[in-house]
1. Of the residues Ser240, Ser235, which is in contact with a Ser or Thr (Cβ under 6 Å, 6 or more places away or on another chain) and farther than 18 Å from Arg185 by Cα?
2. Given the criteria modelled with pLDDT under 85, more than 21 Å from Arg10 (Cα to Cα) and either over 22 Å from the mean Cα position of the chain (by Cα) or part of a loop (DSSP other than H, G, I, E, B) (or both), does Gly124 qualify?
3. Residues of the stretch 220-258 being assigned to a loop (DSSP other than H, G, I, E, B) and out of contact with any helix residue (DSSP H, G or I) (no Cβ under 6 Å at 6 or more places or on another chain), which ones?
4. Do we find a residue being at pLDDT below 85, at positive phi, of a type in the set (Gly, Ala, Ser) and surrounded by 10 or more Cβ atoms within 10 Å (Cβ to Cβ) anywhere in the stretch 157-177?
5. Do you know which residues across the stretch 44-76 are at pLDDT 85 or above and of a type in the set (Val, Ile, Thr)?
6. Quick check on Phe108: is it modelled with pLDDT of 85 or more, within 18 Å of Asp247 (Cα to Cα) and in the same structural domain as Gly49 (by TED's automatic domain parsing)?
7. Has the stretch 346-365 got any residue that is surrounded by fewer than 19 Cβ atoms within 10 Å (Cβ to Cβ), outside any loop (DSSP other than H, G, I, E, B) and at pLDDT below 85?
8. Among the residues in the stretch 378-387, are any closer than 20 Å to Tyr227 by Cα and either in the same structural domain as Thr215 (by TED's automatic domain parsing) or buried (at least 16 other Cβ atoms within 10 Å of the Cβ) (or both)?
Amino acid sequence: MNDATVAALRIAATGLPVLPIGNSANAPSGATVFVVSNALGLPWTASSGILSATRMADDVPGAGSGYRILQFTAPLAPGSSGGVLVDAEAKILGIVVGSLNVGQNVNFAVPIDSIAALANVSGGTRFDSGARLQPFGAKATSAAAAPSNPTVPVSPPGLTLPRPEQRQIHTVSVHSKTIYLRRERLQDDIHKTAMFPQLGVRFADYGQTADIAITVDRPVMTFDWTYTLVYQPRSLTLASGTVEATDEFDAGPKLAAVIVEQLAAAVLLPRGELDKPTGASTASSSGLRSGGSDADEIVRTAHSIFVESHTIWMKGNLLQDALYTRPEIREWGVRIIDDRNEADIYIDVTRPWLTYDWIFKMISPKTGMVLGTGKVTAIDGPAAAQRLAIDIVNRIRSARSVPATP
């Protein structure tokens, strides 16, 4: 909430009932509160709880600083952001802004008096009347002539697809590793983009192995939403990235836009292009990572490792130290470095929400190839780091036992 994004809308109606504004500053801890929101896309969803505390945002990781927030226990779900927090007399106390993914029902709202005070702050943006706005996808017309039918999406400039028999990518699948974004919703958002219908690909049937697997996730206690596109016949990572969004209704369209752009770049590659050995593929010219040599060969000849953690429960240096103290790492002459692009192996660590599972992935930064994956179970970061280090060392050892490629 460092940047206040609040819109005041004026509608052409009179005599409508409104909720009175309460006094959030005097609301006692333990008081009964209610939330009314659009949870999971279901309008007028209500839940109840108590007001836990009024505290400074500085106390909450990632919430910013310098303003008050209301902590409450009324349950939330994806889509609840922007809902209203009211007291037992239906007086507005605040606007819901989010929750912590750790613990149970640790939710937050910005006091309504802080929101109302923004009307007197300079620097806001005033928008004209929305009477002339047209539906999404509608053909632009004058205000007096509303469009009757949406136009067919136009192919993006310069998008000339290979003939069907020359294409290597025909199907895609969508997987969501976070409860905050349903797979069906992202799939729908992808389908709605103007470019997707032009790509000549379809979503894979249930049980079918798609050519490209799209996976999204949301690291705990962040507003980051990550995505990866993997060419499954070779386990080749074509693209990965992150977008920032508040909830699934914000994240879905943003993820869909960047994912479809990467899909377009992949579809443009003719048949066989993704299966070429290192140095022969032109995938890099299309913004994709090119394929590399055999995964065992890359691991066997690796001399440097970069470690990155995408969970607050383990800092990257924990796993770095655990690896560095392994005698095998020193014996093999493998260094732990701080430059991901210069490393021979990039190790990514995550911990799915509400689990004791710690997942690692070994990737070649130069080719995007997945070199190995694994999972350990541990109660905390220090214990997980030691177990992860053992599995990673075992993966490297297994490759080093393979004879060098002639």
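1. Details: Ser235 fails: in contact with a Ser or Thr (Cβ under 6 Å, 6 or more places away or on another chain).
It is Ser240.
2. Values: modelled with pLDDT under 85: yes; more than 21 Å from Arg10 (Cα to Cα): no; either over 22 Å from the mean Cα position of the chain (by Cα) or part of a loop (DSSP other than H, G, I, E, B) (or both): yes.
So Gly124 does not fit the description; no.
3. We begin by selecting, within the stretch 220-258, every residue assigned to a loop (DSSP other than H, G, I, E, B); these are 220-223, 232-235, 245-247.
Within the stretch 220-258, Val220, Met221, Thr222, Phe223, Gln232, Pro233, Arg234, Ser235, Thr246, Asp247 meet the criteria.
4. No, there is no match, as no residue in the stretch 157-177 is at pLDDT below 85, at positive phi, of a type in the set (Gly, Ala, Ser) and surrounded by 10 or more Cβ atoms within 10 Å (Cβ to Cβ).
5. Scanning the stretch 44-76 gives Thr45, Ile50, Thr54, Ile69, Thr73.
6. Details: modelled with pLDDT of 85 or more: yes; within 18 Å of Asp247 (Cα to Cα): yes; in the same structural domain as Gly49 (by TED's automatic domain parsing): yes.
Yes, satisfied.
7. yes
8. Initial filter on the stretch 378-387 (closer than 20 Å to Tyr227 by Cα): none.
Checking the stretch 378-387: not a single residue is closer than 20 Å to Tyr227 by Cα and either in the same structural domain as Thr215 (by TED's automatic domain parsing) or buried (at least 16 other Cβ atoms within 10 Å of the Cβ) (or both).
The values are calculated or read from the model by the stated rules, or taken from the named source; none is laboratory data. All values reported here derive from a predicted model rather than from experimental measurement. Reconstructed Cβ throughout: ideal geometry from the backbone, glycine too, with neighbour counts over all protein chains shown.
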